[in-house]
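Have a look at the structure below before the remarks.
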Amino acid sequence: MFMQTLSSPQVNPTAQRQPVIVANHLNHYFGQGSLRKQVLFEINLEIQTGEIVIMTGPSGSGKTTLLTLMGGLRSAQEGSLKILGQEICGATQRQLTQLRQQIGYIFQAHNLMSFLTARQNVRMALELHDGGSAQAMDAKALAMLEAVGLGHRADYYPENLSGGQKQRVAIARALISHPKIVLADEPTAALDKKSGRDVVELMQKLAKEQGCTILLVTHDNRILDIADRIIYMEDGRLK
Amino acid sequence: MARKTPVAWLQLMKEKTRLLVAIAGIGFADMLMFVQLGFQDSLYDSATVPHRLLQADLVITNPQFKSLTSIQSFNRERLYQTLSDDAVQSVSSIYIGMGDWKNPDTRLVRSILVWGVEPGAPSFRLPELSQNADSLKLLNQVWFDQAGRPEYGAIPALVQQQGSFEAELNRQTVRAVGLFTMGSSFVADGNVLTSDSTFLKLYPDRKPEQPDVGLIQLKPNADRQQVQTRLKALLPPDVTVLTVEEFAAVEKHYWESQGTIGFIFGMGVFVGFVVGTVIVYQILYTDVANHLPEYATLKAMGYDNRYLIGVLLQEALLLAVLGYIPGFAVAIGLYHLTHAATLLPIGMTMNRAIIVFLLTILMCGASGAIATRKLRSADPADIF
């Protein structure tokens, strides 16, 4: 049903073998002068197309910093970080903004616009790309909400949705434009066991259908089994 | 147009109470600006109503005559000198004085502007004068301005009922036998029309050969501008030759250059502008502050800063338009009230409507622009 309404992504056979994220000797610092503190040390990492990678580690180990770098949300400082073939060490704000349009984000807090309905929230992601006519975009947004099991809640405002439902709207928003990479930060932290499990399984299912790469930061041991690979980070280093 | 979600509009409409507060605030600021500008225009307009009613092609006055509040007379000889020009058909003169009118009911004395005209000769373009100027010819008979303030007593009603009415002007008894329409101004609250002889009787220390305004009628087909140039050359500099519009402009310039009036009303407009700016800024700032994570999310999704600034400015402009409408409506109501209470010529003009609209746009645009600074703190890296 879902695959009928949404066109399947064009997966380049050569890109299939190519890594979508490559980090080489990546170092990152916070602060200036004497307060300057290194938070990431010599990160070397390759993530292939279609891979689901879970990153764990204690709080403050630098997971989120690495995630924001990979998402083009901050500029990288030292070493090399290539996202979808684009070097983001020393990239301009404009290049970063362009890059972000190809990445889906799922946050710990859902961060939906409170003044937009579920469908309008999902549409906002579609409007960044050429989503066709208004009717076509509405139809796509509705189909995406149906795919996350919320077709009947399309015209609800976030304030009238449960925590799990809001997170599912956020997933629909992140995946609707078929991003090559989905970055998720503790997507299950605010959810109960059942909703949390539903949410990650949904992410897994949709990602496999679209052939996109997922990098997920979590402390939640209950969801580790969905990963193709688990990486562990401690004190700014990958172990 | 329908392709993009109207984020600014939806955001404003989601919280109706806040929207109403914003509209009320902007409407109030607009109303304030409308009222101040309206009073200012009305002051200038009312001050020149008598000038613009003068029935003359050219006017002669003392160059010192800057305003009806400081009347300066000239030598009537100058008026007769103009008759030597072939294009001049006839001349007439008007005396002007501030008089004390006693309210027949309350016995209270109030200043009134008294105009002494030559009955039968051109003076004011008033329909009443062209129909029936004869009643002015009799000594101690006056006409009363029915557009004056009611504080002079119910004279218009009494004249209409009884045909004439005895009143006291400058401690002399006069008989009000007719009505005309001129209007109150900031100079005087009312007007009285008399013949030149009655005027000189009311003002015993005024000299007959010293009128205040000389009226020149030109022959048909005479070129007014050429005659004005010729008369200026002919007459010594103790008089000045003006068109009626120039004469009115002198009066208006007097009030404008006073400074105080422009300053007071300008201050009022400024206060309205600042109030409006602060309100809109407050609304937009809280908006950004409350939705900071959402705005940051939009940035993370790939919307750039320019898009968000655009949303904020759209909100500002929408507020400007939505607030202007009630402000405009209330201002029209207040103009009517003011006119009813003061009889000042006050009303909405296209010019003022546009000026206040532009000020509103500027006001909302400025506060929108200041509020965009808060957007910079929406850092997508902070929301993970």
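Compute the separation of the alpha-carbon centres of the stretch B:272-309 and the stretch A:141-161 and state it in Å as a whole number. About 27 Å separates the Cα centre of the stretch B:272-309 from the one of the stretch A:141-161. In summary, the stretch B:106-177 shows an alpha-carbon radius of gyration equal to 1.11 times the 2.2 N^0.38 Å reference for compact globular proteins. Multiplying the residue separation of B:LYS232 and B:ASP134 by 0.36 nm and removing their Cα-Cα distance gives an extension gain of 31.8 nm. The ranking of A:SER80, A:SER59, B:SER367, B:SER42 by Cβ neighbour count inside 10 Å, starting from the fewest, reads A:SER59, A:SER80, B:SER42, B:SER367.
What is the packing order of peptides B:141-147, B:11-17, taking the mean over residues of other C-beta atoms within 10 Å and listing the highest first?
Numbers: B:141-147: 22.9, B:11-17: 14.6.
Descending mean neighbour count gives B:141-147, B:11-17.
Counts of other chain beta carbons within 10 angstrom of each beta carbon in peptide A:225-233 average 0. For B:CYS364, A:CYS212, A:CYS89, the sequence from fewest to most other C-beta atoms within 10 Å is A:CYS89, A:CYS212, B:CYS364.
Just so you know, the Rg over Rh for chain B is 1.18, from Cα atoms, with Rh as the Kirkwood radius. What the Cα atoms of the protein assembly as shown give is an Rg and a Dmax of 40.3, 117 Å.
Could you give me D for the stretch B:58-242, from Stokes-Einstein at 37 °C and 0.692 mPa s, where the hydrodynamic radius is the Kirkwood radius over C-alpha pairs? Units µm² s⁻¹, please. Rounded, D is 190 µm²/s.
So if we plug the beta-carbon distance of B:ASP100 and B:TYR80 into 1/(1 + (r/R0)^6) with R0 = 25 Å, what FRET efficiency do we get, rounded to 0.05? For B:ASP100 and B:TYR80, the calculated efficiency is 0.15. Taking 16 Å as the straight-line reach from the Cα of B:LYS232, the aspartates and glutamates in range (excluding those fewer than 8 positions away in the same chain) are B:ASP57, B:GLU77, B:ASP85, B:ASP86, B:ASP223, B:GLU246. Enumerate the aspartates and glutamates that B:LYS4 could reach by cross-link, defined here as Cα to Cα under 20 Å, with residues fewer than 8 away along the same chain left out. Correct list for B:LYS4: A:GLU127, A:ASP130, A:ASP138, A:ASP155, B:GLU294, B:ASP304, B:GLU315. Rounded to the nearest 10 degrees, the inclination of helix A:193-210 to the longest alpha-carbon principal axis of chain A is 90 degrees. Peptide A:105-118 is shielded by partner chain Cβ atoms: per residue, an average of 5 of them sit within 10 Å of its Cβ. For B:GLN72 and B:ILE264, the FRET efficiency from 1/(1 + (r/R0)^6), where r spans their Cβ atoms and R0 equals 22 Å, is about 0.25. Peptides A:192-200, A:227-235 ranked from most to least packed, by the mean per-residue count of other Cβ atoms within 10 Å: A:192-200, A:227-235.
Have a look at the DSSP beta bridges in chain B and tell me what percent are antiparallel, nearest 5.
Values: 32 of 42 bridges.
For chain B, the DSSP antiparallel bridge percentage is about 75.
Taking label points 7 Å from Cα along the Cα-to-Cβ direction, B:ALA154 and B:TRP9 give a separation of 5.7 nm. Tell me the angle of helix B:292-301 to the major Cα principal axis of chain B, expressed in degrees between 0 and 90 and rounded to the nearest ten. It works out to around 60 degrees.
Extending 7 Å from the Cα toward the beta-carbon at both A:GLN18 and B:ILE325 defines two label points whose distance is 5.4 nm.
In summary, the lysines within cross-link reach of B:LYS374, defined as a Cα separation below 17 angstrom excluding same-chain residues under 8 places away, comprise B:LYS299. Among B:TRP9, B:TRP101, B:TRP255, B:TRP115, a tally of other beta-carbon atoms within 10 Å of each Cβ gives an order, fewest to most, of B:TRP9, B:TRP255, B:TRP115, B:TRP101. How many percent of all Cα-Cα pairs in the stretch B:43-111 sit more than 14 Å apart? Value for the stretch B:43-111: 71 percent of Cα pairs lie more than 14 Å apart.
Rounded to the nearest 5, the antiparallel percentage of DSSP beta bridges internal to the stretch B:58-242 is 75%. For chain A, the fraction of C-alpha pairs farther apart than 23 angstrom is 49 percent.
Seen against the Cα atoms of chain B and their longest principal axis, helix B:350-375 is set at about 30 degrees.
Read the figures in this text as sums done on the coordinates, not as results from a lab. This one's a predicted model, so the numbers in the text were calculated from it and none came from an experiment. In this analysis, Cβ positions are derived from the backbone assuming ideal geometry, glycine residues included, and neighbour counts consider all displayed protein chains.
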